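I have a structure here, written as structure tokens, and I will follow up with some questions on it.
The values are calculated or read from the model by the stated rules, or taken from the named source; none is laboratory data. Note that the structure is a prediction, hence the values are computed from the model and not measured. Positions of Cβ are backbone-derived with ideal geometry, glycine not excepted, and every protein chain shown enters the neighbour counts.
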Amino acid sequence: MSVRETLQRWRYNYIPDHLIGEILTKRWTDSAIPFLALVITVAGFGTAINGFFKPASLSDSTRQLGEFSIVVTGLTIVMLGGGIDLSVGSIFALSAFAAVSSLFIFDLPVWVALLAAVSVGIAFGALNGFLIGYVRLRAFLTTLVTFIIGRAVYDILVVSFASQVQLSDVTSDLWDYIGDGTVFGIAISVIVAGVIALIAHVALTRSRPGWHILAVGGSRRSAHNAGIKVRQTVFMTYVISGICCGIAGFLFACRLSGAGPGTGLNLEIMALTAAVVGGNSLGGGRGSIVKGLMGAVIVLVMTNGLIRLGFGTGTNQMVLGLMLAVAVTLDIRWLKNRHKVLNEVYVAPIYQRMGETQSAEPNSGSPYALNNNLAQTHYIGLGELEGPEDVILDEEDNLYCGTRHGEIIRFFAPDYKRSEVFAHTGGFPLGLAFDKAGNLISCVGAMGLYSISPDRVVTKLTAETRRSWTSVVDDARLRDPNDCDVAPDGRIFFTDSTKRYDAHDWALDSIESRPTGRLLCYDPKTGKTTTLLDNYLYANGVCIAHGGQSLFFAESWACRVHRYWFDGPKAGQVECVIKDMPGYPDNINRASDGSYWMAWLGMRTPSYDLSLRHPSMRKRMTRRLPQDEWLFPNINTGGIVKFDETGKIVETLGDLSGISHPMVTSMREHKGALFVGGILNNRVGRLPLPNAKPDWTGIRSYWGGAK
Amino acid sequence: MTIRSVFSRLDQERIVLAIAVLVFIIASVTLNGFLTAANLVNIVRSVSVLGILAVGMAIVIIGRGIDLSAVAIMAMSVAWYLQMLGDGTSQAMALVITLAAVLAIGLANGFLVAYADVPPIFVTLASGAFVFGFVRSQLITQDAVPVPPQHWIELLGKTRWLGIPIEVFLFTAIVFVAFLFLRFTKWGRYVYYAGDNPMAARNLGIPVRPMLLLRYVISAFIAFTAGILTASSLLSINTRVVNSTLLYDIVLVAVIGGIGLSGGKGGMRNVIVGALLIGIMLNAMTILDIPNLYQNLIKSTILLVAIIIDGVLNPRDEQTAQQGDI
């Protein structure tokens, strides 16, 4: 191995590049930028302003923060539902006025003042909600207009009644306590804000109405099609926002015991900036209460800080405008390009050196030398099938295979001309096996392990295993269950090919060449799934050996076959029985003479083997070229290999014409014939085997003669 | 003619025109001093600045956008211009700098809308706040900036032709030019196509994004012109106008005249009809001595009714509406 290759191996195999992509798939990365902004803002102003963190200085700002964050919480809920509420400033001011006038003019108890403030909020929110939810007006303009109306009403009221409020001699201890008091040193408004935020957070993340809001914001039409009452949900978000503004207005009134011309001025642009800076998406569906709160702190610290640093009139608006523009632009660009960035950085190739292999050239004299036998197959279901990854036959000789459309098709013996949809599983049914009771067990790609009873009832057996401690992306979920087989005691052994890619991106796993495949076991007695072996390079076909104590499984991209003992004296041991094959192995199945059939889904090529030794080249390729032009492993020619118990190659079948079976992913021997499936083929092939036992069937080999 | 066909011929523009005529007749009969030549000139004069601003807004709205920064650009560009003149910058220099700044803001608006795909409402809300805040805090010293004595702006304000103030003619001229642009030039027709269905327009090969830039630049320059006229009649520019309801009056003129906010509809006729109705109403309310605060309430209520009617008559097209288009 040259120095270059050693360095490349160290660089690409020991530095975990793939974690960047995995971390980017996490939703919490959305919050990372606002959180960073929060830290920088607080630290920046904390150092620039003397005594910023002194209790006296904090006390007034935190009360203000309490009120403001309640408003922001309401606005966040509206935005999550796909709307916007610019009238918050007016509702806030009107509610504050309602509270003040209830107490000081009409001399009513404090709780009536609170009720008055909240009622104003509800009424105003209901108006907005009705117009936007039920009349379906544009949220922005409608709330802009209701904002002006509210402001006009408020200005009229203040001019008419402000003097009465000021001349009033009503006092209330409770009122003053709410305004100035603390509980355990925390201002009342902050406690109220915390409680409201907590309720809102729990409601949004863990309750049906909250999910409905997120669903409507995420996709209005889909939410409607799913039976969610879209208009009512939209209506409710504005009412909630109104209530929040009402409570905030009440707290403000208690703090200042009055309402003047400046009350709630510019609150809408502040709250909007806060919600967006925190990372809540315009257009809805993506965001959280916590993000809103982070934004609220950033905006308030910034505006208050600028005032205390002595910047003049207009600075606030300049900064708010700038923050809003930057945040909205970043948010929209991020939302638009996130998946592109993810696509670019997700594939993180590693160094992989394939071993020297023997030739597969016809007549080369090596055991892998391909013949042309597969070109002579008869076709079954030509043009009716798409993607029969695996095929299997039952005791009545009927043929079963999965299709790309998530169906399992049954062809009827003896001529296999008639077919029917045996069952619909969804996903992409891959590996098939019969258990003792005659249930058809299938590894359904992208879904999990399923069982289909003879009367066609589809049951999920398992879709998850135990999560590993070091995983970033949850690897408990089975991403690409590929092949399965049933042990004599009923345990089902199956493979999950990769933790990094979904089933349809299986070829990308080869470009990355990172071993993440697993061998798993599902025990029907306990219903538990355990991970037996991990970190194989695309674990694929599984076959229980004739002895019933061990199994063979294929490691596709490494061109190896391993044997794992699950019973007997060597239980738990694993050994490599075949290595450095010239083809990529797929499913393995029993043969009638006590050996095993194994499919090659493709053949190795010198160019691709070379590229595996150049991870930097593969990385550049995935970043700079469109996917259509990437160098992929060759999966256009394949073959079938027969090997015996010791791993010695007995026979190799090929299709030199490339017409009948360009790729083979599975084959099944049944009564003197071999049935051949391929995941990219549009047919199943049937190849007579003159030397095979004419009455041998897989089911009898597994479960004995009588059934 | 059946009743049904009468109603089917009633689009918003005709309704508004009918209401304007009705209000005009009622005001003429009931209000003293309404139907005089001086007052009528007054009406047109009072709406000319509003109308000019509405022309810019109309062009943007027809292209399925909105420009909430118009008033900020109008007030702050002129305020800075006057401040520079007051500080002794040469005439030509001050004008060039101001025009460059106006162009820059228009381009920035257009760029964010066209190339960053940010909804125009947010872009212009943010840019309006920024323009106001930046000019107010960094460039000028007081809320109101006076016009220097004997400056051409002052002379402009005193110009009369046939006894009618010059801004009326300017309003007419701008409306006429905008009409020619929208109706008879290739790029003017593109505004409609892009507003009606941006994706289809783009597929046709229309340069949708550069066109967006152009519209916001036009809007910014029209706002600057309106600001100069305001300064010429008041002999100063008060930057507090940014926080007033003027912006909503502009939207009101456009929407009430029948220019659908969903884009692709309307023209200069609608601006004239909307401006006349608003002018007549404002004038009547002033003659009736309704306080400014109540006028605001009445205007905003009318605007609400107008957008409700607009929403019912021009329901949003869910097929071409984008996510985040709120």
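Please go through (1) outside any loop (DSSP other than H, G, I, E, B); (2) under 24 Å from A:ALA369 (Cα atoms) for A:HIS661 and return the number of the only condition it doesn't satisfy.
A:HIS661 satisfies every listed condition except (1).
While we're here: Please report, ordered by residue number, the helices (runs of 4 or more DSSP H) entirely within segment A:174-281 with at least 1 residues that are surrounded by fewer than 24 Cβ atoms within 10 Å (Cβ to Cβ) and within 22 Å of the chain's Cα centre (by Cα).
Hits in segment A:174-281: A:188-206, A:208-218, A:220-225.
Moving to a separate point now. Return the residue satisfying two criteria in turn: it lies in segment A:433-460 and is touching a Gly at 6+ places or on another chain (Cβ under 7 Å) and hydrophobic (A, V, I, L, M, F, W, C), and of such residues it is modelled with the lowest pLDDT.
If we take residues in segment A:433-460 being touching a Gly at 6+ places or on another chain (Cβ under 7 Å) and hydrophobic (A, V, I, L, M, F, W, C), then A:ALA446 is modelled with the lowest pLDDT.
Considering only residues of segment A:94-128 that are surrounded by 24 or more Cβ atoms within 10 Å (Cβ to Cβ) and within 14 Å of chain B (Cβ to nearest Cβ), which is nearest to A:ARG151 (Cα to Cα)?
For segment A:94-128, the residue satisfying everything is A:LEU94.
For A:LEU322, are the conditions met, namely being within 14 Å of chain B (Cβ to nearest Cβ), under 34 Å from the mean Cα position of the chain (by Cα) and of a type in the set (A, V, I, L, M)?
Working: within 14 Å of chain B (Cβ to nearest Cβ): yes; under 34 Å from the mean Cα position of the chain (by Cα): yes; of a type in the set (A, V, I, L, M): yes.
Yes, satisfied.
State whether one or more residues within segment B:252-259 are assigned to a loop (DSSP other than H, G, I, E, B), more than 12 Å from chain A (Cβ to nearest Cβ), surrounded by fewer than 21 Cβ atoms within 10 Å (Cβ to Cβ) and modelled with pLDDT of 80 or more. Spell out the reasoning first.
Residues of segment B:252-259 assigned to a loop (DSSP other than H, G, I, E, B): B:257-259.
Restricting the remaining residues to those that are more than 12 Å from chain A (Cβ to nearest Cβ) gives B:257-259.
Next, only the ones that are surrounded by fewer than 21 Cβ atoms within 10 Å (Cβ to Cβ) stay: none.
Checked against the condition, which is being assigned to a loop (DSSP other than H, G, I, E, B), more than 12 Å from chain A (Cβ to nearest Cβ), surrounded by fewer than 21 Cβ atoms within 10 Å (Cβ to Cβ) and modelled with pLDDT of 80 or more, segment B:252-259 yields no hits at all.
Going through A:ILE178, A:ILE149 one at a time, which residue ends up being away from chain B (no Cβ under 14 Å) and either in contact with a Gly (Cβ under 7 Å, 6 or more places away or on another chain) or within 21 Å of A:CYS244 (Cα to Cα) (or both)? Lay out the reasoning, then the answer.
Numbers: A:ILE149 fails: away from chain B (no Cβ under 14 Å).
Selected residue: A:ILE178, the only one of A:ILE178, A:ILE149 that is away from chain B (no Cβ under 14 Å) and either in contact with a Gly (Cβ under 7 Å, 6 or more places away or on another chain) or within 21 Å of A:CYS244 (Cα to Cα) (or both).
Tell me, yes or no, whether segment B:48-70 has at least one residue that is outside any loop (DSSP other than H, G, I, E, B), more than 14 Å from chain A (Cβ to nearest Cβ), among the hydroxyl-bearing types (Ser, Thr, Tyr) and over 14 Å from the mean Cα position of the chain (by Cα).
No, the conditions are met nowhere in segment B:48-70.
Please work out which one of (1) surrounded by 14 or more Cβ atoms within 10 Å (Cβ to Cβ); (2) among the polar types (S, T, N, Q); (3) not in a loop (DSSP other than H, G, I, E, B) is the condition A:THR357 fails and give its number.
(3)
State yes or no: is B:ALA108 surrounded by fewer than 24 Cβ atoms within 10 Å (Cβ to Cβ) and within 12 Å of chain A (Cβ to nearest Cβ)?
In short, yes.
For A:GLY74, state whether it is under 38 Å from the mean Cα position of the chain (by Cα), of a type outside the set (D, E, K, R), more than 14 Å from chain B (Cβ to nearest Cβ) and crowded, with 24+ Cβ neighbours inside 10 Å.
Criteria met by A:GLY74.
Right, something else. Starting from residues that are within 21 Å of the chain's Cα centre (by Cα), charged (D, E, K, R) and not in a strand (DSSP E or B), keep the ones in segment A:439-470 and report whichever is farthest from A:ILE392 (Cα to Cα).
That would be A:ARG467.
Return a yes/no flag: does segment A:366-376 have any residue that is free of Cβ contacts under 8 Å to residues at least 40 places away in the same chain and either touching a Phe, Trp or Tyr at 6+ places or on another chain (Cβ under 6 Å) or part of a strand (DSSP E or B) (or both). Walk me through how you get there before you give the answer.
The first filter runs over segment A:366-376 and keeps only residues free of Cβ contacts under 8 Å to residues at least 40 places away in the same chain, leaving A:366.
Subsequent filtering for residues that are either touching a Phe, Trp or Tyr at 6+ places or on another chain (Cβ under 6 Å) or part of a strand (DSSP E or B) (or both) retains none.
Among the residues of segment A:366-376, not one is free of Cβ contacts under 8 Å to residues at least 40 places away in the same chain and either touching a Phe, Trp or Tyr at 6+ places or on another chain (Cβ under 6 Å) or part of a strand (DSSP E or B) (or both), which makes the answer no.
Separate question: Got at least one residue in segment A:317-329 being closer than 30 Å to B:ASN238 by Cβ, polar (S, T, N, Q) and buried (at least 17 other Cβ atoms within 10 Å of the Cβ)?
yes
Moving to a separate point now. Listed residues A:GLY310, A:GLY295, A:GLY314; which is buried (at least 20 other Cβ atoms within 10 Å of the Cβ) and within 14 Å of chain B (Cβ to nearest Cβ)?
Just one listed residue meets the conditions, A:GLY314.
State which residue is farthest from the other protein chains (Cβ to nearest Cβ) when the search covers only segment A:325-346 and only residues that are closer than 30 Å to A:LEU631 by Cβ and aliphatic (A, V, I, L, M).
Applying the filter and picking the extreme gives A:VAL345.
Table: residues versus (1) assigned to a helix (DSSP H, G or I); (2) on the phi < 0 side of the Ramachandran plot; (3) not small (Gly, Ala, Ser).
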residue	(1), (2), (3)
A:LEU36	yes, yes, yes
A:VAL39	yes, yes, yes
A:VAL42	yes, yes, yes
A:LEU86	no, yes, yes
A:SER101	yes, yes, no
A:PHE106	no, yes, yes
A:VAL112	yes, yes, yes
A:VAL118	yes, yes, yes
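When only residues in segment A:269-292 that are within 14 Å of chain B (Cβ to nearest Cβ) and among the small types (Gly, Ala, Ser) count, which is farthest from A:ILE332 (Cα to Cα)?
A:ALA271
Further, regarding this structure: All but one of (1) without any contact (Cβ under 8 Å) to a residue 40 or more places away in the chain; (2) surrounded by 15 or more Cβ atoms within 10 Å (Cβ to Cβ); (3) of a type in the set (Gly, Ala, Ser) hold for A:ALA162; state the number of the condition that does not hold.
Just one mismatch for A:ALA162, condition (1).
Taking interchain pairs and intrachain pairs at least six residues apart, which have beta carbon atoms under 6 angstrom, with the first residue in segment A:596-613 and not assigned by TED's automatic domain parsing to the domain that holds A:CYS559 and the second modelled with pLDDT under 95?
none
Mind telling me which of the residues A:ARG514, A:ARG500, A:ARG518 ends up being in the same structural domain as A:MET667 (by TED's automatic domain parsing), among the charged types (D, E, K, R), out of contact with any Phe, Trp or Tyr (no Cβ under 9 Å at 6 or more places or on another chain) and crowded, with 19+ Cβ neighbours inside 10 Å?
Answer to the selection: A:ARG514.
Something else now. Residue by residue through segment A:533-546, note down the ones that are over 22 Å from A:GLU645 (Cα atoms) and assigned to a strand (DSSP E or B).
Of everything in segment A:533-546, those that are over 22 Å from A:GLU645 (Cα atoms) and assigned to a strand (DSSP E or B) turn out to be A:ASP534, A:ASN535.
Checking A:LEU382 against (1) surrounded by 22 or more Cβ atoms within 10 Å (Cβ to Cβ); (2) aliphatic (A, V, I, L, M); (3) assigned to a loop (DSSP other than H, G, I, E, B); (4) away from every other protein chain (no Cβ under 14 Å), which single condition isn't satisfied?
Of the numbered conditions (1) surrounded by 22 or more Cβ atoms within 10 Å (Cβ to Cβ); (2) aliphatic (A, V, I, L, M); (3) assigned to a loop (DSSP other than H, G, I, E, B); (4) away from every other protein chain (no Cβ under 14 Å), the odd one out for A:LEU382 is (1).
Which residues, taken from segment A:609-638, are farther than 30 Å from A:LEU551 by Cα and surrounded by 19 or more Cβ atoms within 10 Å (Cβ to Cβ)?
Answer for segment A:609-638, where residues must be farther than 30 Å from A:LEU551 by Cα and surrounded by 19 or more Cβ atoms within 10 Å (Cβ to Cβ): A:SER611, A:PRO615, A:ARG618, A:LYS619, A:THR622.
List the number of the failed condition for A:PRO349; all other conditions in (1) buried (at least 16 other Cβ atoms within 10 Å of the Cβ); (2) within 14 Å of chain B (Cβ to nearest Cβ) hold.
Answer for A:PRO349: the failing condition is (2).
Conditions (1) on the phi > 0 side of the Ramachandran plot; (2) modelled with pLDDT of 85 or more; (3) surrounded by 15 or more Cβ atoms within 10 Å (Cβ to Cβ), marked per residue:
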site: B:VAL16; (1), (2), (3): no, no, yes
site: B:VAL23; (1), (2), (3): no, no, yes
site: B:GLY33; (1), (2), (3): yes, no, no
site: B:VAL78; (1), (2), (3): no, yes, yes
site: B:GLN83; (1), (2), (3): no, yes, yes
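Hey, does segment A:417-438 have a residue that's of a type in the set (Asp, Glu), touching a residue at least 40 places away in the same chain (Cβ under 8 Å) and in a loop (DSSP other than H, G, I, E, B)?
We begin by selecting, within segment A:417-438, every residue of a type in the set (Asp, Glu); these are A:420, A:435.
Within this subset, residues satisfying the condition of being touching a residue at least 40 places away in the same chain (Cβ under 8 Å) are A:435.
Now drop any that are not in a loop (DSSP other than H, G, I, E, B), which leaves A:435.
Scanning segment A:417-438, I find at least one residue that is of a type in the set (Asp, Glu), touching a residue at least 40 places away in the same chain (Cβ under 8 Å) and in a loop (DSSP other than H, G, I, E, B), so the answer is yes.
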